[in-house]
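Quick notes on the structure that follows.
The values are calculated or read from the model by the stated rules, or taken from the named source; none is laboratory data. From a predicted model like this one, the values you see are computed outputs, not experimental measurements. Virtual Cβ from ideal backbone geometry, glycine too; neighbours counted across all protein chains shown.
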Amino acid sequence: MTIASPQDLAVPQPPSGQLQPQGWLRYFSFSLDHKVIGLQYIVTSFLFYLIGGALAGVIRTELVSPMSDFVSRETYNEVLTLHGTIMIFLWIVPVVNGGFGNYLIPFYVGARDMAFPRLNAVAFWMIPPAGLLLIASHFITGSAQSGWTAYPPLSLTTPAMAQVVWIISVLLLGGSSIFGAINFIATVMKMRRPGLKLMQLPMYCWAMLGTSILAVLSTPVLAGTLLLLSFDIVAHTGFFNPTLGGNVVVYQHLFWFYSHPAVYIMVLPAFGLVSEILPVHARKPLFGYSTMVYSIMAIVFLGLIVWAHHMFTSGTPPWMRLFFTIATAFIAVPTGIKFFNWLATLWGGKIALNSAMLFACAFIVNFVFGGITGVALAQVPFDIHVHDTYFVVGHFHYIVYGGTVFVIFSAIYHWYPKFTGKMLDETLGKIHFALTFIGFNLCFAPQHWLGLNGMPRRVAEYDPMFTTLNQLSSVGALLMALSTLPFLINVIRSFSHGAVAGDNPWNALTPEWLTTSPPPVENWKGEAPLVAHPYGYGQLPSAGLPVDQATGQDVWTGS
Amino acid sequence: MPIPPSLITFLVGMALVLAGLWLGQNVSLLPVDASVNAPVYDELFKVLFSIGSILFIGILGLLLFSLVRFRRREGDHSDGAPIEGNLPLEIVWTAIPAVVVLFIGIYSYDIYDRMGGMTPLNDHSAMVHAASMEASATMQVANAATSEEPRVWGGIGVRSDKDILPVDLTALQFAFIFHYPGANITSGELHVPAHRSVELRMKANDVIHAFWVPQFRLKQDIIPGQQTILTFTATRPGTYPIVCAELCGPYHGGMRSSVVVHEPDDFEAWLQKNSPAPPPTASVAQLDVLPVA
């Protein structure tokens, strides 16, 4: 597909209008509209989030007492495997990439849709079957018991059928991720509105470009590795089976070659979303645009060469430990640049303390904490003590929950008015925020101490000296579970009863706000606006607002 | 006369650094130290804790200050100042973290070296102990077929030059079994003398396990198909937990044992008491109770 000028695409195509279901039914159809697909991703992965959260509830209930007394030990291992797999592959990765990516990227590049709308729909529709397969397997064959990392030889000796189903499911989800990533790269590089330069794109485009590069480079490695693992299980080959001459450490290298970049596949889009949300609610331009772009690309590069820091206790040679220590610690530099730039964005702004802003600021606090423990973990001697303990569990939940999930909530408060045309209730939003923030810190902060003092991860039973802190952590988990209620009530109730949002309730400058709420099919009734200054807050309207170019009938033209 | 902002910034920064240093020195989050490695580790921990506290409190303070000071007042619909960046500022907050990270990296490398992490175990020690490797008979077919001496993977560990106590460790689902080749003792519990280097030669029979003693600040995966060596010197007599830290199956949480650090004389006594009677084949019956479940 070549660069289509908006005039060509604006011509409606009658057949598609009649064959595609309209109204709410299109959300259950093979829709090609990027906005429908984006919302399909967001809602589907939120349902999986509820399942993954229930599994976390099982884990925290088991850990209330030091004995294994709530579920059987096998079930406990199944639960922790499913929890990790669902939260990573069915919640965080799809929602920040497929969900918000699909909804926002075409707006941001000034396109009517993604570069490959059919591939886009295929990528989405791989997710529900893969997720249902994974969950259904629990009731048919039992589910995998070897953790989301599926290290051999454990994954070769636990029930084979369950492990194979797990592999098929992850392969489907990985395929979906690759299709999505190809689409994002093509859309950002090739579908930009004529006249829109790369360095004028909103930061989320850069984040998605970086993320997609990572996904395209590393996900195939995971797919290949899991295929070899399935051969070991099904055909009794010996790639990773030491009794047949295989090497288990090779699996770890291949697995982490994907799974460390996967962390950035989960957090880089969140960084991008925060870069969109903060300037709008602080009424200031995003500070240091170009350094933000360079730091994303630095994170992408460094993210590919740090995987062995997950293997410092696996008998890796000393030089390798040294190299991966330094590479890992240096990721803190571009990441730090981004955080300082966000703080500078807030400095001197007119900050609206609404739910979106509170969640975004809590993200900064949580992620800085997780980043500091991350730099500590990068140091080999430090890691040797706390590797595979609750310290690590605390650390990565600060990164993926305190980081990404807080941003997801922030983004929902920010873009819900665009999705539905209705505002979310601020009081319920603030209750949701307070419960989530307190519950999250109560749940995961004590886990650092537990890990330092001798509690390994992935255990159903533990030393009774750790009981009190584990109970505290479980109380935090309960608060987090409860915090979902005001959110769900808010989202469902506001859909029918919420205040009417109007086209641009936040007076934002990025292109998705320069159309109706919800936007029409193909995004703008008229020509796509050319937004050369997506963060031009605090300037004269004539300089900041592309009013003269934004000629669409419904384009917001206020001050 | 108003206090100049630069002075306030300076004073706040100083207070922050002092607070961080104080926290690092006075807040202890770690269990008791019981090996030569542990005090070295704790030194690193204090440095990381101080730097981390300074950064975290500083950023948290800056954020909270901004949220209060620059909050949007009722009825104010104007925008903030149109500041899009500041190159000197960007250079400062690129350079300072880079220097800090580089410092931490070099410092932790030094710590790692002092903990014995850079000892080239693959060369001479593999030869020295090749003879004692009856393990190689049961080790992997591929290893035995392709190389004369099985490859030994080094874990971390300080090794003193005087006499080293070798102990064989076999990990299996779901127990650690220790064997003292000199005294021909097999035990489910590790007994070691204080102030003498112990060399654990570790192998796994089924899946990956990990040997972790939190009070020693040491952990090493025990990997099927690769014999691994971990050296440590205990310092403080007492009983400490040995924890399996790698998911190894349903009873992973129950795969625990203890290490008992004796005074050197007490250790000799323990050896005497537990050495089997002359027919060495009886040693298997000497197995202590395995801490399964």
Flagged in region A:449-478 as in contact (Cβ under 8 Å) with a residue 60 or more places away in the chain, facing chain B (nearest Cβ under 8 Å) and outside any loop (DSSP other than H, G, I, E, B), in numbering order, are A:452, A:456
Among the residues of region A:33-50, is any more than 22 Å from the chain's Cα centre (by Cα) and buried (at least 22 other Cβ atoms within 10 Å of the Cβ)? no
From the option list A:147, A:180, single residue qualifying as under 25 Å from the mean Cα position of the chain (by Cα), on the phi > 0 side of the Ramachandran plot and touching a residue at least 40 places away in the same chain (Cβ under 8 Å) is A:147
Checklist entry - Does residue B:250 fit the bill of being modelled with pLDDT of 90 or more, more than 21 Å from the chain's Cα centre (by Cα) and either closer than 30 Å to residue A:455 by Cβ or of a type in the set (Phe, Trp, Tyr) (or both)? => result yes
Being more than 23 Å from the chain's Cα centre (by Cα), surrounded by fewer than 21 Cβ atoms within 10 Å (Cβ to Cβ) and not small (Gly, Ala, Ser): is that true of residue A:25 here? yes
Subset of region A:304-314, residues touching a Gly at 6+ places or on another chain (Cβ under 9 Å) and either over 30 Å from residue B:227 (Cα atoms) or more than 9 Å from every other protein chain (Cβ to nearest Cβ) (or both), comes to none
For region B:173-190, pairs from a residue that is on the phi > 0 side of the Ramachandran plot to a residue that is in a loop (DSSP other than H, G, I, E, B) and not hydroxyl-bearing (Ser, Thr, Tyr), with Cβ under 9 Å and 6 or more apart or across chains, are B:184/B:276
Residue count, region B:23-48, condition of a type in the set (A, V, I, L, M, F, W, C) and assigned to a helix (DSSP H, G or I), comes to 7
task = May I ask you to verify whether residue B:99 is of a type outside the set (Ser, Thr, Tyr) and closer than 30 Å to residue A:465 by Cα?
result = no
Among strands (runs of 3 or more DSSP E) completely within region B:165-219, the ones holding 3 or more residues that are of a type in the set (D, E, K, R) are B:197-204
Per the list (1) among the aliphatic types (A, V, I, L, M); (2) touching a Leu at 6+ places or on another chain (Cβ under 8 Å); (3) closer than 20 Å to residue A:357 by Cα; (4) not in a loop (DSSP other than H, G, I, E, B), residue check on residue A:273 breaks on (2)
Across region B:217-244, the tally of residues that are at the interface with chain A (Cβ under 9 Å from one of its Cβ atoms) and within 23 Å of residue A:317 (Cβ to Cβ) stands at 10
When region A:85-112 is checked residue by residue, the ones that are small (Gly, Ala, Ser) and over 18 Å from residue A:31 (Cβ atoms) are A:110
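Results for (1) crowded, with 22+ Cβ neighbours inside 10 Å; (2) in contact with a His (Cβ under 8 Å, 6 or more places away or on another chain); (3) within 14 Å of chain B (Cβ to nearest Cβ), shown as yes or no for each residue.
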site	(1), (2), (3)
A:247	no, no, yes
A:267	yes, no, no
A:270	yes, no, no
A:275	yes, no, yes
A:279	yes, no, yes
message: Going by what's in this entry, would residue A:114 be described as crowded, with 21+ Cβ neighbours inside 10 Å and in a loop (DSSP other than H, G, I, E, B)?
response: yes
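Listed here are the residues, each with its yes/no results for (1) of a type outside the set (Lys, Arg); (2) more than 28 Å from residue A:349 (Cβ to Cβ); (3) modelled with pLDDT of 90 or more.
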| residue | (1), (2), (3) |
| --- | --- |
| B:7 | yes, no, no |
| B:10 | yes, no, no |
| B:23 | yes, yes, no |
| B:42 | yes, yes, yes |
| B:56 | yes, no, yes |
| B:65 | yes, no, yes |
| B:69 | no, no, yes |
| B:79 | yes, no, no |
| task | Examine region A:319-329 for a residue that is surrounded by fewer than 21 Cβ atoms within 10 Å (Cβ to Cβ) and in contact (Cβ under 8 Å) with a residue 40 or more places away in the chain, and state whether such a residue exists. | result | yes
The condition of being surrounded by fewer than 19 Cβ atoms within 10 Å (Cβ to Cβ) and facing chain A (nearest Cβ under 10 Å) holds, among B:64, B:11, only for B:64
Being within 14 Å of another protein chain (Cβ to nearest Cβ) and either buried (at least 18 other Cβ atoms within 10 Å of the Cβ) or modelled with pLDDT of 95 or more (or both) narrows A:146, A:169, A:72, A:137 down to just A:146
Counting only residues in region B:67-100 that are part of a helix (DSSP H, G or I) and within 25 Å of residue A:356 (Cβ to Cβ), the one nearest to the other protein chains (Cβ to nearest Cβ) is identified as B:67
Of the residues that make up region A:70-85, is at least one touching a residue at least 12 places away in the same chain (Cβ under 8 Å), assigned to a helix (DSSP H, G or I), within 22 Å of residue A:265 (Cβ to Cβ) and aromatic (Phe, Trp, Tyr)? no
